[in-house]
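**Q** I'd like to ask some things about the structure below.
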Amino acid sequence: MLPFRLLAALLLAATPAFALQRPAAEAPAPALELRGGLWFDGERFSPGSWYSIDGRLTASRPERIDAVLDLTGRFILPSLIEAHNHDAQSGRFGAISNAKNMHAGIFHSIQLCSRPSAREDYGGFFGQPGMMTVRYAEACLSAADGHPLGIALASSRQFGIEMEPAEARRFYDPVDTLADLDRLWPELLERRPRLIKIILINSERRAQELADPSTFGFRGIDPALVVPIVERAHRAGIRVVAHADTAADFAIAVRAGADIIAHLPGYRIAPGMNAANYRLSDAIVAEAARRGTIVITTAGVARHDMARRPENAATLQALQRENLRLLRDAGVTLALGSDDVMGTVVDELVYLDGLGIFPRGELLRRATADTARAMFPEAAIGRFAEGAEANLLAFDGDPTVDIEILRRPVLRVQRGMVLGR
């Protein structure tokens, strides 16, 4: 879960305080020769050269070249993909977040709790030149007394705003019964979503938490509704992302057929829980592999829990290493996402590198090609290939030697347009 103050900035900014300036009409991308450089091939950096024609890569020299980019001595990586964030879900925050992500070389982002009505004034600006391409989970299904209600209420008070629960619920889709789902479903289909999200939290303690007033606003959906939601979504061709806190949540989502798990369990230890509640079993990991379930890492958000409770740090990181090794060894697809509205997926990359599970070449592949295929399966992004989008980042050093170099791209090219530093 996001820290109170951060999510409040997103929720309370749903009505833009300014009008985003409409980008100028897209000019034709120049015909570029991308000369020299060491290009990432999914494992390592190797010498190569490409051309960019109409914003697409080709190995064939065109008849006309408008400009030559000499990349000699530089390390070239595809642009990065953010698999889980909430930093482009409001007009007030979106412009800041766009600049932050584009500077970091993150050209594509998945925003995992949004409704179309909340972004009518700004949503069309993304995808333009110099701006991220953003895909939203067009519905966010949770209990009427569930997350993110509690965060919205508590954080609004921190900003001196008294928000009623009914007002806070307009930021997500409350569903407590099948009758609620029946009422919501026609409207949800009118949104034409590619993704919807369901919230599972501490499912194994649902009975206790319903009786505990302190958990009001921080609960998840009734687990009995997960299968009906997934079945309806799949009949409509919609992928389902499941927020999962605990290993029990993870198992419910996998067995129900959720396509994507939004969190690696073990990013926090909730009150009344211990490490065993977050440890994945061999059996459920094997089932996730068999079903083709995608797991988004979001491991770095553990920093928030470790800052509040330093005594949990060693336990959390041990859990994360254990769960990541299980998933990796089983061949489960891992997509990199940060769930960090003030940071980026680069922070997630650096955090994962610190856990020591993945060789750096593999980590870079997971952040580019693997995450691209998982989250934007129809798009030719995240790799250097004939016809792929000409999206690239150039660095003055080798990220497989110094992962922190990822914070300092010296050149960015988006669909064949040079963005500079």
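Bear in mind that the values in this text are calculations on the coordinates, not laboratory data. Only a predicted model underlies this, so the values are computations on that prediction, with no experimental measurement involved. We place every Cβ from the backbone using ideal geometry, glycine too, and count neighbours over all the protein chains shown.
**Q** Helix 226-235 against the longest principal axis of the chain: what's the angle in degrees, Cα atoms only, rounded to the nearest 10?
**A** Approximately 40 degrees, to the nearest ten.
**Q** At 7 Å along Cα-to-Cβ for each site, give me the label-to-label distance between residue 212 and residue 408 in nm.
**A** It works out to 4.7 nm between the two label points.
**Q** Give the residue list of trypsin sites (Lys or Arg not before Pro) in segment 30-81 that are DSSP loop and have at most 11 other beta-carbon atoms within 10 angstrom. Walk me through the intermediate numbers first.
**A** Working: sites: 35, 44, 56, 64, 74; in loops: 44, 64, 74.
Filter output for segment 30-81: 64.
**Q** Using a Gaussian network model of the chain with C-alpha springs under 10 Å, which one of 97, 203, 117 is most mobile by mean-square fluctuation?
**A** Of 97, 203, 117, the most mobile in the Gaussian network model is 117.
**Q** For segment 204-219, in order, what is each residue's ³J(HN,Hα) by Karplus, 6.51 cos²θ - 1.76 cosθ + 1.60 with θ = phi - 60°, in whole Hz (x at glycine and Pro)?
**A** Those phi angles translate into 5, 10, 4, 4, 5, 6, 5, 8, 10, x, 5, 8, 4, x, 10, 8 Hz.
**Q** Let me ask something additional. Label residue 99 and residue 121 with points 7 Å out from Cα along Cα→Cβ: what is the distance between them in nm?
**A** If labels sit at residue 99 and residue 121, their model points lie 1.9 nm apart.
**Q** Here's something else I'd like to know. Given [x] 21.4, 72; [y] 24.4, 93; [z] 29.0, 92, which label gives Rg and Dmax of the Cα atoms in Å as computed from the coordinates?
**A** Calculated Rg and Dmax of the Cα atoms in Å: the matching label is [x].
**Q** Okay, next question. Which residue fluctuates most in the GNM of the chain (Cα springs below 10 Å): 46, 114, 338?
**A** 46
**Q** Quick check: residue separation of residue 273 and residue 315 times 0.36 nm, minus the Cα distance between them. What number comes out in nm? Walk me through the numbers on the way to the answer.
**A** Numbers: separation 42, 0.36 × 42 = 15.12 nm, distance 1.24 nm.
Answer, rounded to one decimal: 13.9 nm.
**Q** Something else about it: Of 103, 263, 243, which has the largest mean-square fluctuation in a 10 Å C-alpha GNM of the chain?
**A** Greatest mean-square fluctuation among the candidates belongs to 103.
**Q** What stretch of the chain, leaving out the sites themselves, is the longest with no chymotrypsin sites (Phe, Trp or Tyr not before Pro) in a DSSP loop having at most 14 other Cβ atoms within 10 Å?
**A** Working: sites that count: 18, 159.
Longest run free of exposed loop sites: 160-421.
**Q** At 0.36 nm per residue, and after removing the present C-alpha to C-alpha distance, how many nm does the segment from residue 378 to residue 401 gain when stretched out fully?
**A** Values: separation 23, 0.36 × 23 = 8.28 nm, distance 3.20 nm.
Result for the pair: 5.1 nm of gain on full extension.
**Q** Show me the GluC sites (Glu not before Pro) within segment 323-421 that DSSP assigns to loop and that have at most 13 other Cβ atoms within 10 Å of their Cβ.
**A** Those that pass, being in a loop and sparsely packed, are 378, 386.
**Q** Quick one: net charge of residue 178's neighbours, Cβ under 13 Å, K/R +1, D/E -1? Can you show the working numbers first?
**A** Values: positive: 183, 232; negative: 176, 180, 182, 222, 231.
Its environment carries a net charge of -3.
**Q** Using 0.36 nm per residue, how much length does the chain from residue 418 to residue 282 gain when fully extended, once their Cα-Cα distance is taken away? Intermediate values should be presented prior to the final figure.
**A** Numbers: separation 136, 0.36 × 136 = 48.96 nm, distance 4.65 nm.
Additional length available on full extension: 44.3 nm.
**Q** Next question. In percent, what relative contact order does segment 41-184 have, based on Cα pairs under 8 Å that are 6 or more apart in sequence?
**A** Numbers: 158 pairs, mean separation 23.8, N = 144.
This gives 17 percent for segment 41-184.
**Q** Taking only Cα atoms, what is the 0 to 90° angle, nearest 10, from helix 91-104's long axis to the longest principal axis of the chain?
**A** Between the helix axis and the principal axis of the chain, the angle is about 50 degrees.
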